[in-house]
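The values are calculated or read from the model by the stated rules, or taken from the named source; none is laboratory data. These figures come from a predicted structure and were not determined experimentally. Backbone-built Cβ (ideal geometry, glycine too); neighbour counts: all protein chains shown.
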Amino acid sequence: MARRDLDRLVRGLRTGEDAFRMPILKALADMGGSGVMSEVLERGRRSMKGVLRDVDFEPLASDPDLPRWRNTACWARNAMVKEGLLKSDSRRGIWEMSDTGRRLLAAAMS
């Protein structure tokens, strides 16, 4: 595996944030539109079996207890909030779909 200094991963080796969008929306839909972060992440991870790469399961250099895929999923959530797919005013630790997110998922599923 090609690595650069400071244990940074070479661009393109990990699964990108975009790959997490639909699994997160699907997990939230299956949970009634909102859920506790850890459960949303776990459901998303299970649905991404075959998509996630070995490198995604490696721990981050900055946090040895955090697998790379969880960090990427959290950044994907951040982007989804900015795009209006997830609500920005949800309680801490709760992820919640917006109407825009519901419409996107419905369109993708049809």
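Can you tell me which residue among VAL40, VAL10, VAL81 is modelled with pLDDT under 95 and of a type in the set (Val, Ile, Thr)?
Just a single option satisfies the conditions, and that option is VAL10.
With the structure loaded, tell me whether VAL40 is within 30 Å of SER110 (Cβ to Cβ) and surrounded by 12 or more Cβ atoms within 10 Å (Cβ to Cβ) or whether it fails that test.
When the stated conditions are applied, VAL40 passes them.
For the stretch 52-92, which positions are over 14 Å from ALA19 (Cβ atoms), surrounded by 13 or more Cβ atoms within 10 Å (Cβ to Cβ) and of a type in the set (Ser, Thr, Tyr)?
Within the stretch 52-92, just SER90 meets the criteria.
Would you please list the contacts, defined by Cβ atoms under 9 Å and residues six or more apart or on different chains, that run from a residue in the stretch 18-35 that is within 13 Å of ARG103 (Cα to Cα) to a residue that is in a loop (DSSP other than H, G, I, E, B)?
Short answer, once both residue conditions are applied: LEU25/LEU85.
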